[in-house]
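J.: Before I ask anything, let me first share the structure, which is written out below as structure tokens.
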């Protein structure tokens, strides 16, 4: 039985359609013949021309109905209730056609024959389709891995339907916390209370738990993730309703839990007016446009419909990638934004200035920087050249080109820095503050925030990679903590802060509660359905290994140098008043730095930074 069905399902779509239509014609003719034979109690009876025309007309209209209802486009193995409903409708129309055609053509068809024919047609036309669907489902179900679904709402029901029809997972039960839903049967799956998980898990041995809940508050979802992270099963989720509606995903795109879920962070909705303020129908330039932050800034900016977006990037491939992505967005949304992609380094002031003048740039987001702490620590001159002198060159270019707004993407590592990367970013802030006092034509803003998830070098992708390889997970110190923010949220807040700026202001983003990296590592292990390997649990799956703090790395990051901080109109954006240098004092420091960089004198650079108001202090901490 299986082999013929496999051969049928494996045939070309055109051949399968011809086979199906041929079978339906035979089934209709046979049903009419049998209905008449049963009514007359005779297997052989004379057939007149009028009767033959009635049969041909009935068969033709039935096949036409099937075709219009999409029955020959439906895949037999996925036949479910809607298709059966179409069969009933088509057979009803067919039996009515048989009765009316026999009446108008004056053919000999007893009145009860259309009724008998309807019953036989439903069996002969629907029966094989149901049989193929049933055999396929039960045969292939044995090859599918068992999964649990969490959520008996609309998303859970749709997911169960999709998985039953699919070929990858076999849903066995649905879990829910709503007592009113417990005991219901959804597509043959019983709804159980989540408190029964342990007994059900030992019975069905599922490989993963699929969260199908999208219509609950962020807090409730975080509590749900916290609860399921303690269960010995891999936990994944289905896309959000918004992503499905936007065409970004389909329901069966099972994916790992959101990074926001792992960290317990709820993003804040942006202020649309602030997002548009310095962008809508203006010319915007992003330096470092191909980087993690720069590319996300471009994605957020393009949504606000600028007249022109200038992408400036040193890395050719990164520029090509973001250019191609943004052009697809422009094409798909019908945007009128003009996209300009330019290669170059921010250290060349004349290159940056000519671009700004040529395209009449109104707003600049300066994201070009070296940001990896160990890399800059081992390449001090290049770090200072790019982060300090690159910022100075871009800022001077903006002043000369008449740019209205210039926003620097800074970092929490600029606060009392213990590494050269952080010190270079603090020095870049001092440069802009000094320039802000020197002139008023261009408004300079600095936006300082912590780690962004999903950026190059982010800890979450690193942990995922290490878990996929069987471990160990590497954590520098058991007590290390970090502030985290999602890249889209960070980019939106940067844009909004730039719109609120007064010249020379330092803005600090509210990063929420800091996250202990060890807790994050342990949670990721559990949510992957694995256990931590420790001295007490030597048979665990993944070991967490402490590697020691890297040069210049802090246990705790800060966002403020002092306590002089004020709120703004945005709940997640604060402004800080901090010490700064006059332009003359800053210029003297820049000359000294330039001389030391020219001779590649790392020690002299470090001494200059130590003696400047950056707050730089080397810090050595061991486990």
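J.: Inspect all residues belonging to segment 310-318 and state whether any of them is in the same structural domain as residue 400 (by TED's automatic domain parsing), modelled with pLDDT of 95 or more and closer than 18 Å to residue 280 by Cβ.
T.: yes
J.: Is it true that residue 63 is surrounded by 14 or more Cβ atoms within 10 Å (Cβ to Cβ), assigned by TED's automatic domain parsing to the domain that holds residue 99, modelled with pLDDT of 80 or more and farther than 24 Å from residue 115 by Cβ? Working first, answer last.
T.: On the way: surrounded by 14 or more Cβ atoms within 10 Å (Cβ to Cβ): yes; assigned by TED's automatic domain parsing to the domain that holds residue 99: yes; modelled with pLDDT of 80 or more: yes; farther than 24 Å from residue 115 by Cβ: no.
In short, no.
J.: May I ask you to verify whether residue 484 is crowded, with 19+ Cβ neighbours inside 10 Å, touching a helix residue (DSSP H, G or I) at 6+ places or on another chain (Cβ under 9 Å) and modelled with pLDDT of 75 or more?
T.: Details: crowded, with 19+ Cβ neighbours inside 10 Å: yes; touching a helix residue (DSSP H, G or I) at 6+ places or on another chain (Cβ under 9 Å): yes; modelled with pLDDT of 75 or more: no.
Here the answer is no, as residue 484 does not meet what is asked.
J.: What number of residues within segment 1-56 are more than 20 Å from residue 131 (Cα to Cα), loosely packed, with under 13 Cβ neighbours inside 10 Å and modelled with pLDDT of 85 or more?
T.: Here the count works out to 1.
J.: Out of 158, 168, which single residue is exposed (fewer than 14 other Cβ atoms within 10 Å of the Cβ) and either modelled with pLDDT under 80 or under 26 Å from residue 228 (Cα atoms) (or both)?
T.: 168
J.: Counting only residues that are within 19 Å of residue 606 (Cα to Cα) and at pLDDT 95 or above, how many does segment 393-430 have?
T.: Total meeting the criteria: 0.
J.: Please verify whether residue 73 is farther than 28 Å from residue 54 by Cβ, exposed (fewer than 14 other Cβ atoms within 10 Å of the Cβ) and either modelled with pLDDT under 80 or not assigned by TED's automatic domain parsing to the domain that holds residue 23 (or both), treating the condition exactly as stated. It would help to see each step written out before you state the result.
T.: Values: farther than 28 Å from residue 54 by Cβ: yes; exposed (fewer than 14 other Cβ atoms within 10 Å of the Cβ): yes; either modelled with pLDDT under 80 or not assigned by TED's automatic domain parsing to the domain that holds residue 23 (or both): yes.
Spelling it out, residue 73 is indeed farther than 28 Å from residue 54 by Cβ, exposed (fewer than 14 other Cβ atoms within 10 Å of the Cβ) and either modelled with pLDDT under 80 or not assigned by TED's automatic domain parsing to the domain that holds residue 23 (or both).
A quick yes/no check of all residues on (1) part of a helix (DSSP H, G or I); (2) at pLDDT 80 or above; (3) surrounded by 16 or more Cβ atoms within 10 Å (Cβ to Cβ):
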residue	(1), (2), (3)
124	yes, yes, yes
132	yes, no, yes
140	yes, no, no
143	no, no, no
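J.: Follow-up. So which residues in segment 266-301 are in a helix (DSSP H, G or I) and either in contact with a strand residue (DSSP E or B) (Cβ under 6 Å, 6 or more places away or on another chain) or at positive phi (or both)?
T.: 293, 294, 297, 298, 301
J.: Kindly list the number of the only condition in (1) buried (at least 18 other Cβ atoms within 10 Å of the Cβ); (2) at pLDDT 90 or above; (3) part of a loop (DSSP other than H, G, I, E, B) that fails for residue 552.
T.: Tallying (1) buried (at least 18 other Cβ atoms within 10 Å of the Cβ); (2) at pLDDT 90 or above; (3) part of a loop (DSSP other than H, G, I, E, B), residue 552 fails exactly one: (2).
J.: Would you confirm, using the coordinates I've provided, whether residue 491 is in the same structural domain as residue 352 (by TED's automatic domain parsing), in contact (Cβ under 8 Å) with a residue 60 or more places away in the chain and either part of a helix (DSSP H, G or I) or under 30 Å from residue 305 (Cα atoms) (or both)?
T.: yes
J.: Would you call residue 206 modelled with pLDDT of 75 or more, assigned to a loop (DSSP other than H, G, I, E, B) and over 13 Å from the mean Cα position of the chain (by Cα)?
T.: It is true that residue 206 is modelled with pLDDT of 75 or more, assigned to a loop (DSSP other than H, G, I, E, B) and over 13 Å from the mean Cα position of the chain (by Cα).
J.: To continue, here is another question. How about segment 160-190: which of its residues are over 16 Å from residue 238 (Cα atoms), touching a helix residue (DSSP H, G or I) at 6+ places or on another chain (Cβ under 9 Å) and outside any loop (DSSP other than H, G, I, E, B)?
T.: Result: 165, 172, 173, 186, 189.
Conditions tested, residue by residue: (1) free of Cβ contacts under 8 Å to residues at least 40 places away in the same chain; (2) under 14 Å from residue 491 (Cα atoms).
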residue	(1), (2)
287	no, yes
292	no, yes
299	no, yes
307	yes, no
312	no, no
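J.: Could you list all residues from segment 186-197 that are at pLDDT 85 or above and surrounded by fewer than 17 Cβ atoms within 10 Å (Cβ to Cβ)?
T.: The answer is 190, 193, 195, 196.
J.: Would you point out which residue out of 321, 336 is surrounded by fewer than 20 Cβ atoms within 10 Å (Cβ to Cβ), assigned by TED's automatic domain parsing to the domain that holds residue 388 and not in a helix (DSSP H, G or I)?
T.: The match here is 336.
The values are calculated or read from the model by the stated rules, or taken from the named source; none is laboratory data. Source: prediction; values computed, not measured. When we count neighbours, we look across all protein chains shown, and the Cβ atoms used for this are built from the backbone with ideal geometry, even at glycine.
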